[in-house]
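Data block below; observations after.
The values are calculated or read from the model by the stated rules, or taken from the named source; none is laboratory data. The shown structure was predicted, so the numbers you read here are calculated from the model rather than taken from an experiment. Note that we place each Cβ from the backbone using ideal geometry, even for glycine, and neighbour counts take in every protein chain shown. Surface accessibility is based on the protein's heavy atoms, side chains included, excluding ligands, DNA and RNA. Shrake-Rupley method; radii C 1.70, N 1.55, O 1.52, S 1.80 Å.
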Amino acid sequence: MTAYDATLAYLLGLEVSRGWDLKLERMRAALAVRGNPERRFAAVHVAGTNGKGSTAAMVEAALRAAGHRTGLYTSPHLVDFTERVRAGGRAIPRATVVALVAELRAALEGAGIALTHFEFVTLLAFEWYARIGVELAVVEVGLGGRLDATNVLQPIATAITSIAHDHEEWLGDTLAAIAGEKAGIAKPGVPLVVGGVPAEAEAVIHGRAAEVGAPVVPAGTLEPGPDGLGFASGEGVRWEGLRVGLPGDFQRGNAAVALGLLAAVQGRFPCPAAAVRAGLASVAWPGRLAVLRESPRVVADGAHNPAGVVALARELPALVGDRPVVLVFAVMADKAWRAMLDGLVPRARAAIVTRVGRRGQEPAALGAALAGRLPVMIEPDPRAAIRAGCAAAGPAGALVVTGSLFLVGEAYAELGGPGFSLFEPWQGWEGDGN
(Lines give C-alpha, C1' and ligand atoms only; values in the text may rest on other atoms or scores of the structure.)
Protein backbone atom coordinates (compact mmCIF):
# COMPACT_ATOMS: atom_id res chain seq x y z
CA MET A 1 0.00 0.00 0.00
CA THR A 2 1.39 3.41 -0.97
CA ALA A 3 1.35 6.40 1.35
CA TYR A 4 -1.43 7.87 -0.78
CA ASP A 5 -3.48 4.67 -0.52
CA ALA A 6 -3.01 4.66 3.25
CA THR A 7 -4.13 8.28 3.42
CA LEU A 8 -7.28 7.53 1.44
CA ALA A 9 -7.94 4.54 3.71
CA TYR A 10 -7.78 6.85 6.73
CA LEU A 11 -10.22 9.28 5.12
CA LEU A 12 -12.56 6.45 4.14
CA GLY A 13 -12.43 5.25 7.73
CA LEU A 14 -13.79 8.62 8.82
CA GLU A 15 -16.72 8.20 6.44
CA VAL A 16 -17.47 4.69 7.69
CA SER A 17 -17.11 5.48 11.39
CA ARG A 18 -18.64 8.96 11.53
CA GLY A 19 -20.82 9.28 8.42
CA TRP A 20 -22.75 12.54 8.05
CA ASP A 21 -23.31 14.60 11.17
CA LEU A 22 -24.47 18.06 10.13
CA LYS A 23 -23.13 20.56 12.64
CA LEU A 24 -20.81 23.55 12.40
CA GLU A 25 -19.22 23.53 15.85
CA ARG A 26 -16.51 20.97 15.04
CA MET A 27 -15.60 22.70 11.80
CA ARG A 28 -15.31 26.09 13.46
CA ALA A 29 -13.13 24.64 16.21
CA ALA A 30 -10.85 22.91 13.68
CA LEU A 31 -10.48 26.07 11.61
CA ALA A 32 -9.61 28.05 14.75
CA VAL A 33 -6.89 25.54 15.61
CA ARG A 34 -5.44 26.09 12.11
CA GLY A 35 -5.56 29.88 12.32
CA ASN A 36 -8.73 30.22 10.22
CA PRO A 37 -7.35 29.59 6.72
CA GLU A 38 -10.81 30.20 5.22
CA ARG A 39 -10.37 33.91 5.91
CA ARG A 40 -7.34 34.17 3.63
CA PHE A 41 -9.20 33.92 0.33
CA ALA A 42 -12.48 35.20 -1.08
CA ALA A 43 -15.21 32.68 -1.81
CA VAL A 44 -18.30 32.12 -3.90
CA HIS A 45 -20.67 29.61 -2.27
CA VAL A 46 -23.01 27.50 -4.42
CA ALA A 47 -25.92 25.35 -3.21
CA GLY A 48 -28.76 23.57 -5.00
CA THR A 49 -30.31 20.15 -5.50
CA ASN A 50 -29.04 19.82 -9.07
CA GLY A 51 -26.68 21.95 -11.14
CA LYS A 52 -24.49 23.33 -8.38
CA GLY A 53 -21.36 21.56 -9.57
CA SER A 54 -21.80 22.63 -13.20
CA THR A 55 -22.50 26.19 -12.08
CA ALA A 56 -19.46 26.28 -9.82
CA ALA A 57 -17.27 24.94 -12.63
CA MET A 58 -18.49 27.64 -15.03
CA VAL A 59 -17.81 30.42 -12.53
CA GLU A 60 -14.31 29.13 -11.83
CA ALA A 61 -13.49 28.66 -15.52
CA ALA A 62 -14.45 32.24 -16.37
CA LEU A 63 -12.56 33.74 -13.43
CA ARG A 64 -9.51 31.65 -14.29
CA ALA A 65 -9.71 32.81 -17.91
CA ALA A 66 -9.71 36.38 -16.57
CA GLY A 67 -6.36 35.72 -14.87
CA HIS A 68 -7.51 35.28 -11.28
CA ARG A 69 -5.97 32.61 -9.07
CA THR A 70 -8.91 30.32 -8.50
CA GLY A 71 -9.84 27.30 -6.43
CA LEU A 72 -12.71 24.90 -7.09
CA TYR A 73 -14.00 22.62 -4.34
CA THR A 74 -16.60 20.01 -5.31
CA SER A 75 -17.75 16.54 -4.32
CA PRO A 76 -17.79 13.66 -4.81
CA HIS A 77 -14.90 12.75 -7.07
CA LEU A 78 -15.31 10.48 -10.08
CA VAL A 79 -11.98 8.68 -10.52
CA ASP A 80 -9.48 10.08 -8.02
CA PHE A 81 -9.87 11.86 -4.70
CA THR A 82 -7.69 14.77 -5.81
CA GLU A 83 -10.42 15.94 -8.23
CA ARG A 84 -12.33 17.38 -5.28
CA VAL A 85 -9.73 20.06 -4.57
CA ARG A 86 -8.54 22.02 -7.60
CA ALA A 87 -6.61 25.21 -8.19
CA GLY A 88 -6.07 26.89 -11.53
CA GLY A 89 -7.95 24.06 -13.23
CA ARG A 90 -5.64 21.37 -11.83
CA ALA A 91 -5.94 18.90 -8.96
CA ILE A 92 -4.16 18.98 -5.63
CA PRO A 93 -1.07 16.73 -5.94
CA ARG A 94 -1.24 13.34 -4.27
CA ALA A 95 1.94 14.03 -2.32
CA THR A 96 0.35 17.19 -0.93
CA VAL A 97 -2.72 15.21 0.15
CA VAL A 98 -0.51 12.75 2.02
CA ALA A 99 1.52 15.41 3.80
CA LEU A 100 -1.38 17.71 4.60
CA VAL A 101 -3.66 14.96 5.90
CA ALA A 102 -0.89 13.79 8.24
CA GLU A 103 -0.30 17.34 9.48
CA LEU A 104 -3.99 18.07 10.02
CA ARG A 105 -4.59 14.70 11.65
CA ALA A 106 -1.85 15.31 14.21
CA ALA A 107 -3.09 18.82 14.96
CA LEU A 108 -6.72 17.76 15.37
CA GLU A 109 -5.92 14.73 17.49
CA GLY A 110 -3.79 16.96 19.69
CA ALA A 111 -6.71 19.34 20.08
CA GLY A 112 -9.21 16.53 20.69
CA ILE A 113 -11.31 17.40 17.62
CA ALA A 114 -12.85 14.50 15.66
CA LEU A 115 -14.13 15.54 12.24
CA THR A 116 -16.32 13.67 9.80
CA HIS A 117 -14.92 12.73 6.39
CA PHE A 118 -16.45 15.72 4.61
CA GLU A 119 -15.40 18.12 7.34
CA PHE A 120 -11.82 16.88 7.19
CA VAL A 121 -11.65 17.17 3.39
CA THR A 122 -13.15 20.65 3.54
CA LEU A 123 -10.54 21.68 6.08
CA LEU A 124 -7.82 20.23 3.85
CA ALA A 125 -9.10 22.24 0.87
CA PHE A 126 -9.28 25.51 2.78
CA GLU A 127 -5.82 25.00 4.27
CA TRP A 128 -4.29 24.29 0.86
CA TYR A 129 -6.01 27.24 -0.80
CA ALA A 130 -4.69 29.56 1.90
CA ARG A 131 -1.14 28.23 1.55
CA ILE A 132 -0.85 28.47 -2.23
CA GLY A 133 -2.41 31.90 -2.53
CA VAL A 134 -5.81 31.22 -4.05
CA GLU A 135 -7.52 34.58 -4.52
CA LEU A 136 -11.07 33.29 -4.92
CA ALA A 137 -12.40 29.78 -4.27
CA VAL A 138 -15.67 28.61 -5.79
CA VAL A 139 -17.07 26.22 -3.19
CA GLU A 140 -19.87 23.75 -3.79
CA VAL A 141 -22.05 22.85 -0.80
CA GLY A 142 -21.78 19.19 0.16
CA LEU A 143 -25.28 18.56 1.53
CA GLY A 144 -28.03 21.09 2.17
CA GLY A 145 -26.38 24.34 3.18
CA ARG A 146 -27.34 25.63 6.62
CA LEU A 147 -25.30 23.04 8.56
CA ASP A 148 -22.93 21.98 5.78
CA ALA A 149 -19.23 22.08 6.66
CA THR A 150 -18.63 24.66 3.92
CA ASN A 151 -21.00 27.13 5.59
CA VAL A 152 -18.21 28.56 7.72
CA LEU A 153 -17.15 30.79 4.83
CA GLN A 154 -17.83 34.50 4.60
CA PRO A 155 -18.47 34.56 0.86
CA ILE A 156 -18.70 37.57 -1.44
CA ALA A 157 -21.58 35.97 -3.39
CA THR A 158 -23.84 32.93 -2.94
CA ALA A 159 -26.23 31.01 -5.17
CA ILE A 160 -29.00 28.42 -5.10
CA THR A 161 -29.26 26.73 -8.49
CA SER A 162 -32.38 24.59 -8.04
CA ILE A 163 -34.69 22.97 -5.49
CA ALA A 164 -36.02 19.41 -5.86
CA HIS A 165 -36.51 16.33 -3.71
CA ASP A 166 -33.26 14.72 -2.56
CA HIS A 167 -31.58 13.80 0.75
CA GLU A 168 -34.96 13.98 2.48
CA GLU A 169 -33.59 12.19 5.54
CA TRP A 170 -31.39 15.21 6.23
CA LEU A 171 -33.20 18.12 4.61
CA GLY A 172 -36.90 17.37 5.04
CA ASP A 173 -39.53 15.87 2.77
CA THR A 174 -41.10 19.06 1.39
CA LEU A 175 -39.69 21.52 -1.10
CA ALA A 176 -40.18 24.29 1.45
CA ALA A 177 -38.11 22.44 4.05
CA ILE A 178 -35.37 21.65 1.54
CA ALA A 179 -35.32 25.28 0.40
CA GLY A 180 -34.99 26.42 4.00
CA GLU A 181 -31.88 24.31 4.50
CA LYS A 182 -30.26 25.51 1.30
CA ALA A 183 -31.16 29.13 2.00
CA GLY A 184 -29.08 28.79 5.17
CA ILE A 185 -26.06 29.89 3.14
CA ALA A 186 -27.51 33.42 2.78
CA LYS A 187 -25.37 36.05 4.50
CA PRO A 188 -26.00 39.69 5.46
CA GLY A 189 -25.25 42.04 2.59
CA VAL A 190 -24.03 39.22 0.32
CA PRO A 191 -25.83 38.81 -3.04
CA LEU A 192 -27.80 35.57 -3.34
CA VAL A 193 -28.35 34.52 -6.96
CA VAL A 194 -31.37 32.24 -7.32
CA GLY A 195 -32.08 30.00 -10.30
CA GLY A 196 -35.43 28.65 -11.40
CA VAL A 197 -37.09 27.13 -8.33
CA PRO A 198 -40.70 26.15 -7.51
CA ALA A 199 -42.91 28.90 -6.05
CA GLU A 200 -43.08 27.37 -2.57
CA ALA A 201 -39.28 27.13 -2.46
CA GLU A 202 -38.86 30.65 -3.80
CA ALA A 203 -41.03 32.07 -1.02
CA VAL A 204 -38.89 30.37 1.63
CA ILE A 205 -35.63 31.52 0.03
CA HIS A 206 -36.81 35.11 -0.21
CA GLY A 207 -38.04 34.99 3.39
CA ARG A 208 -34.72 33.71 4.69
CA ALA A 209 -32.79 36.24 2.63
CA ALA A 210 -34.92 39.06 4.04
CA GLU A 211 -34.31 37.84 7.59
CA VAL A 212 -30.54 38.04 7.24
CA GLY A 213 -30.40 41.01 4.88
CA ALA A 214 -29.12 39.22 1.78
CA PRO A 215 -30.10 40.89 -1.52
CA VAL A 216 -31.75 38.32 -3.83
CA VAL A 217 -30.69 38.42 -7.48
CA PRO A 218 -32.87 36.41 -9.89
CA ALA A 219 -30.63 34.50 -12.29
CA GLY A 220 -32.53 35.62 -15.37
CA THR A 221 -32.21 33.85 -18.70
CA LEU A 222 -29.88 33.58 -21.64
CA GLU A 223 -31.41 35.03 -24.78
CA PRO A 224 -30.42 34.06 -28.34
CA GLY A 225 -28.65 36.79 -30.29
CA PRO A 226 -27.00 37.20 -33.67
CA ASP A 227 -23.62 35.96 -32.41
CA GLY A 228 -24.70 33.52 -29.72
CA LEU A 229 -26.40 33.93 -26.38
CA GLY A 230 -26.78 37.19 -24.52
CA PHE A 231 -27.03 37.89 -20.78
CA ALA A 232 -27.93 41.03 -18.87
CA SER A 233 -27.83 41.39 -15.08
CA GLY A 234 -29.93 43.69 -12.95
CA GLU A 235 -26.74 45.61 -12.10
CA GLY A 236 -26.23 46.62 -15.72
CA VAL A 237 -23.60 44.01 -16.62
CA ARG A 238 -24.14 42.67 -20.13
CA TRP A 239 -22.33 39.96 -22.06
CA GLU A 240 -22.98 38.92 -25.68
CA GLY A 241 -21.75 36.18 -27.99
CA LEU A 242 -21.87 33.47 -25.33
CA ARG A 243 -21.81 29.73 -25.93
CA VAL A 244 -22.43 27.12 -23.21
CA GLY A 245 -19.86 24.39 -23.73
CA LEU A 246 -21.49 21.82 -21.45
CA PRO A 247 -24.07 19.65 -23.25
CA GLY A 248 -27.77 19.75 -22.39
CA ASP A 249 -30.36 22.48 -22.65
CA PHE A 250 -30.66 22.53 -18.85
CA GLN A 251 -27.12 23.88 -18.66
CA ARG A 252 -28.43 27.23 -19.89
CA GLY A 253 -30.19 27.64 -16.56
CA ASN A 254 -27.00 26.78 -14.71
CA ALA A 255 -25.08 29.19 -16.93
CA ALA A 256 -27.52 31.98 -16.07
CA VAL A 257 -26.81 31.43 -12.37
CA ALA A 258 -23.07 31.35 -13.06
CA LEU A 259 -23.28 34.61 -15.00
CA GLY A 260 -25.29 36.17 -12.19
CA LEU A 261 -22.51 35.25 -9.79
CA LEU A 262 -19.83 36.63 -12.11
CA ALA A 263 -21.79 39.88 -12.37
CA ALA A 264 -22.10 40.01 -8.58
CA VAL A 265 -18.32 39.80 -8.03
CA GLN A 266 -17.31 42.13 -10.88
CA GLY A 267 -16.36 44.94 -8.53
CA ARG A 268 -13.69 42.86 -6.81
CA PHE A 269 -12.88 40.25 -9.44
CA PRO A 270 -13.37 41.79 -12.90
CA CYS A 271 -14.16 39.33 -15.66
CA PRO A 272 -13.90 40.83 -19.16
CA ALA A 273 -16.34 39.66 -21.82
CA ALA A 274 -13.64 37.66 -23.61
CA ALA A 275 -12.89 35.72 -20.41
CA VAL A 276 -16.59 35.05 -19.77
CA ARG A 277 -16.99 33.73 -23.31
CA ALA A 278 -13.86 31.59 -23.05
CA GLY A 279 -14.72 30.17 -19.65
CA LEU A 280 -18.31 29.34 -20.50
CA ALA A 281 -17.32 27.68 -23.77
CA SER A 282 -14.37 25.64 -22.50
CA VAL A 283 -15.46 24.61 -19.00
CA ALA A 284 -14.80 20.98 -18.11
CA TRP A 285 -17.32 19.21 -15.87
CA PRO A 286 -17.06 15.45 -16.39
CA GLY A 287 -19.90 13.07 -15.72
CA ARG A 288 -22.82 15.07 -17.10
CA LEU A 289 -24.13 13.84 -20.46
CA ALA A 290 -20.58 12.69 -21.16
CA VAL A 291 -19.93 10.54 -24.24
CA LEU A 292 -17.11 8.19 -23.25
CA ARG A 293 -17.02 5.93 -26.31
CA GLU A 294 -18.52 5.82 -29.79
CA SER A 295 -18.85 2.10 -30.56
CA PRO A 296 -21.06 1.46 -28.74
CA ARG A 297 -21.94 5.02 -27.85
CA VAL A 298 -21.48 5.18 -24.09
CA VAL A 299 -23.25 8.04 -22.32
CA ALA A 300 -22.43 8.55 -18.64
CA ASP A 301 -24.52 10.90 -16.55
CA GLY A 302 -24.50 11.47 -12.81
CA ALA A 303 -28.27 11.87 -12.43
CA HIS A 304 -28.97 10.63 -8.90
CA ASN A 305 -32.50 11.83 -8.16
CA PRO A 306 -35.78 11.92 -10.11
CA ALA A 307 -35.29 15.51 -11.28
CA GLY A 308 -31.86 14.63 -12.66
CA VAL A 309 -33.28 11.63 -14.48
CA VAL A 310 -35.99 13.79 -16.07
CA ALA A 311 -33.26 16.09 -17.42
CA LEU A 312 -31.24 13.12 -18.68
CA ALA A 313 -34.23 11.48 -20.40
CA ARG A 314 -35.03 14.75 -22.14
CA GLU A 315 -31.53 14.90 -23.63
CA LEU A 316 -31.11 11.24 -24.60
CA PRO A 317 -32.70 11.45 -28.07
CA ALA A 318 -30.14 14.03 -29.12
CA LEU A 319 -27.31 11.94 -27.70
CA VAL A 320 -28.17 8.44 -28.89
CA GLY A 321 -30.55 9.00 -31.80
CA ASP A 322 -32.34 5.80 -32.76
CA ARG A 323 -29.68 3.48 -31.29
CA PRO A 324 -31.14 0.76 -29.05
CA VAL A 325 -30.22 1.56 -25.45
CA VAL A 326 -28.86 -0.74 -22.75
CA LEU A 327 -29.03 0.77 -19.26
CA VAL A 328 -26.41 0.21 -16.56
CA PHE A 329 -27.83 1.45 -13.27
CA ALA A 330 -26.70 1.73 -9.65
CA VAL A 331 -28.03 4.00 -6.96
CA MET A 332 -27.72 4.84 -3.28
CA ALA A 333 -30.30 3.04 -1.16
CA ASP A 334 -31.73 6.26 0.29
CA LYS A 335 -32.64 7.71 -3.12
CA ALA A 336 -36.08 7.64 -4.77
CA TRP A 337 -34.76 5.00 -7.12
CA ARG A 338 -38.12 3.56 -8.19
CA ALA A 339 -39.12 6.95 -9.59
CA MET A 340 -35.71 7.19 -11.25
CA LEU A 341 -36.19 3.83 -12.95
CA ASP A 342 -39.66 4.87 -14.11
CA GLY A 343 -38.04 7.72 -15.99
CA LEU A 344 -35.40 5.51 -17.61
CA VAL A 345 -37.22 2.29 -18.51
CA PRO A 346 -39.12 3.75 -21.51
CA ARG A 347 -35.79 4.55 -23.18
CA ALA A 348 -34.12 1.15 -22.60
CA ARG A 349 -34.41 -2.24 -24.26
CA ALA A 350 -32.45 -4.01 -21.50
CA ALA A 351 -30.85 -3.19 -18.17
CA ILE A 352 -27.88 -4.29 -16.08
CA VAL A 353 -28.06 -3.40 -12.40
CA THR A 354 -25.07 -3.23 -10.11
CA ARG A 355 -23.87 -1.68 -6.86
CA VAL A 356 -21.44 1.10 -5.93
CA GLY A 357 -20.47 2.42 -2.51
CA ARG A 358 -21.26 1.17 0.94
CA ARG A 359 -24.64 2.93 0.85
CA GLY A 360 -25.55 1.41 -2.51
CA GLN A 361 -28.89 -0.29 -3.07
CA GLU A 362 -28.73 -4.05 -3.44
CA PRO A 363 -28.79 -5.03 -7.13
CA ALA A 364 -31.28 -7.79 -6.35
CA ALA A 365 -33.84 -5.19 -5.26
CA LEU A 366 -33.26 -3.18 -8.42
CA GLY A 367 -33.58 -6.32 -10.54
CA ALA A 368 -36.83 -7.27 -8.84
CA ALA A 369 -38.28 -3.83 -9.52
CA LEU A 370 -37.45 -4.19 -13.23
CA ALA A 371 -38.60 -7.79 -13.64
CA GLY A 372 -41.32 -8.08 -16.24
CA ARG A 373 -40.67 -4.58 -17.56
CA LEU A 374 -37.56 -5.33 -19.63
CA PRO A 375 -34.77 -7.93 -19.70
CA VAL A 376 -32.52 -7.38 -16.69
CA MET A 377 -29.14 -8.77 -15.63
CA ILE A 378 -27.72 -8.53 -12.11
CA GLU A 379 -23.94 -7.93 -11.92
CA PRO A 380 -22.64 -6.89 -8.49
CA ASP A 381 -19.29 -5.67 -9.81
CA PRO A 382 -19.74 -2.23 -11.45
CA ARG A 383 -16.86 -2.49 -13.90
CA ALA A 384 -17.97 -5.94 -14.97
CA ALA A 385 -21.46 -4.49 -15.43
CA ILE A 386 -20.07 -1.80 -17.72
CA ARG A 387 -18.14 -4.36 -19.75
CA ALA A 388 -21.26 -6.51 -20.01
CA GLY A 389 -23.26 -3.46 -21.04
CA CYS A 390 -20.86 -2.64 -23.86
CA ALA A 391 -21.08 -6.21 -25.10
CA ALA A 392 -24.88 -6.25 -24.89
CA ALA A 393 -25.23 -2.92 -26.68
CA GLY A 394 -22.99 -3.95 -29.56
CA PRO A 395 -21.11 -1.59 -31.87
CA ALA A 396 -24.29 -0.05 -33.29
CA GLY A 397 -26.06 0.39 -29.96
CA ALA A 398 -25.87 2.75 -27.00
CA LEU A 399 -25.04 2.24 -23.34
CA VAL A 400 -26.37 4.67 -20.74
CA VAL A 401 -24.58 4.60 -17.38
CA THR A 402 -26.43 6.50 -14.66
CA GLY A 403 -27.98 6.56 -11.19
CA SER A 404 -24.90 7.54 -9.21
CA LEU A 405 -21.79 9.66 -9.66
CA PHE A 406 -19.85 6.77 -8.15
CA LEU A 407 -21.01 4.54 -11.03
CA VAL A 408 -20.07 7.22 -13.55
CA GLY A 409 -16.60 7.28 -11.99
CA GLU A 410 -16.34 3.52 -12.48
CA ALA A 411 -17.23 4.00 -16.15
CA TYR A 412 -14.48 6.57 -16.62
CA ALA A 413 -11.95 4.33 -14.88
CA GLU A 414 -12.99 1.20 -16.80
CA LEU A 415 -13.07 2.79 -20.23
CA GLY A 416 -10.12 5.10 -19.62
CA GLY A 417 -7.73 2.30 -18.77
CA PRO A 418 -4.95 1.98 -16.17
CA GLY A 419 -3.65 5.25 -14.79
CA PHE A 420 -6.50 7.29 -16.24
CA SER A 421 -7.06 10.68 -14.63
CA LEU A 422 -9.40 13.55 -15.40
CA PHE A 423 -7.15 16.42 -14.29
CA GLU A 424 -3.43 17.05 -14.24
CA PRO A 425 -1.84 17.81 -10.86
CA TRP A 426 -1.29 21.42 -9.84
CA GLN A 427 2.33 22.53 -10.26
CA GLY A 428 2.12 26.22 -9.47
CA TRP A 429 0.54 29.35 -10.86
CA GLU A 430 1.14 30.36 -14.45
CA GLY A 431 3.63 33.18 -14.67
CA ASP A 432 5.45 32.20 -11.46
CA GLY A 433 8.16 30.32 -13.32
CA ASN A 434 6.82 26.94 -12.17
key: Local electrostatic count, T55, Cβ distance below 12 Å [Lys/Arg +1, Asp/Glu -1]   = +1
key: In sequence order, calculated HN-Hα J values of the stretch 69-82 (Karplus, 6.51, -1.76, 1.60; Hz; x Gly/Pro)   = 8, 10, x, 9, 10, 9, 7, x, 8, 9, 10, 9, 3, 4
task = Extending each Cα 7 Å along its Cβ direction at D249 and Q154, get the distance between those two points in nm, one decimal.
result = 4.4 nm
request  = Would you tally the net charge around V204, using a Cβ to Cβ cut-off of less than 14 Å, leaving V204 out, and scoring K and R as +1, D and E as -1?
outcome  = -1
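How many percent of DSSP beta bridges within the stretch 16-160 run antiparallel, rounded to 5?
Working: 5 of 18 bridges.
Once the DSSP bridges in the stretch 16-160 are tallied, antiparallel ones form about 30 percent.
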task = Would you check the accessible area of D381, probe 1.4 Å, heavy atoms only, in square angstrom rounded to 10?
result = 70 Å²
query = With the chain treated as a Gaussian network of Cα nodes joined by springs under 10 Å, which of E414, E223, E379 yields the largest mean-square fluctuation?
reply = E223
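Using only the Cα atoms, what convex hull volume per residue in Å³ does the stretch 218-345 have?
On the way: hull volume 18.0 nm³, N = 128.
Expressed per residue, the convex hull around the Cα atoms of the stretch 218-345 is 141 Å³.
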Cα convex hull of the stretch 1-50 - mean projected area over all directions, nm² = 5.9 nm²
request  = Taking H placed 1.01 Å from N in the peptide plane, check which residues at least 5 places from V138 or on another chain put their amide H under 5 Å from its amide H.
outcome  = V44, G71, L72, Y73
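Report the extension gain between R238 and R40 in nm, rounded to one decimal, defined as 0.36 nm multiplied by the number of residues separating them, less their alpha carbon distance.
Details: separation 198, 0.36 × 198 = 71.28 nm, distance 3.03 nm.
Once the chain is fully extended between R238 and R40, it gains 68.2 nm.
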note = Using the Kirkwood radius over Cα pairs of the chain, the Stokes-Einstein translational diffusion coefficient at 37 °C and 0.692 mPa s, in µm²/s and rounded to a whole number, is 148 µm²/s
ask   = Highest GNM mean-square fluctuation, the chain, Cα pairs closer than 10 Å: which of I132, I92, I178?
value = I132
key: Kyte-Doolittle mean at least -1.0 and Cα axial length at least 18 Å: DSSP H helices in the chain   = 3-18, 52-65, 94-111, 117-132, 199-212, 251-264, 306-320
query = What are the semi-axes of the equivalent ellipsoid of the stretch 280-434, taken as the square roots of 5 times the eigenvalues of the Cα gyration tensor, listed largest first and rounded to whole Å?
reply = 28, 17, 15
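If you add up the charges near G145, with Lys and Arg at +1 and Asp and Glu at -1, over every other residue whose beta carbon is less than 13 angstrom from its beta carbon, what do you get?
Counting the neighbours of G145, the net charge comes to +1.
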query = About the Cα centre of the chain, what is the dipole size in debye to 20, counting +1 per Lys and Arg Cβ and -1 per Asp and Glu Cβ, all else neutral?
reply = 280 debye
Longest segment of the chain lacking trypsin sites (Lys or Arg not before Pro) that sit in a DSSP loop with at most 16 other Cβ atoms within 10 Å = 24-242
task = Give the accessible surface of the chain per residue, rounded to a whole number of Å², with probe radius 1.4 Å and ligands, DNA and RNA excluded.
result = 39 Å²
query = What residue among V328, V283, V16 has the largest mean-square fluctuation in a Gaussian network model of the chain, using Cα springs under 10 Å?
reply = V16
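What's the carbon and sulfur percent of the stretch 121-245's accessible surface, probe 1.4 angstrom, rounded to a whole number? Present the calculation step by step, with values, prior to reporting the outcome.
Numbers: 2440 of 4670 Å².
The nonpolar share, carbon plus sulfur, comes to 52 percent.
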remark   = Reduced to Cα centres, the span from the stretch 1-64 to the stretch 332-398 in Å works out to 31 Å
query = Restricting attention to the stretch 175-245, which GluC sites (Glu not before Pro) occupy a DSSP loop and are surrounded by at most 14 other Cβ atoms within 10 Å?
reply = E235
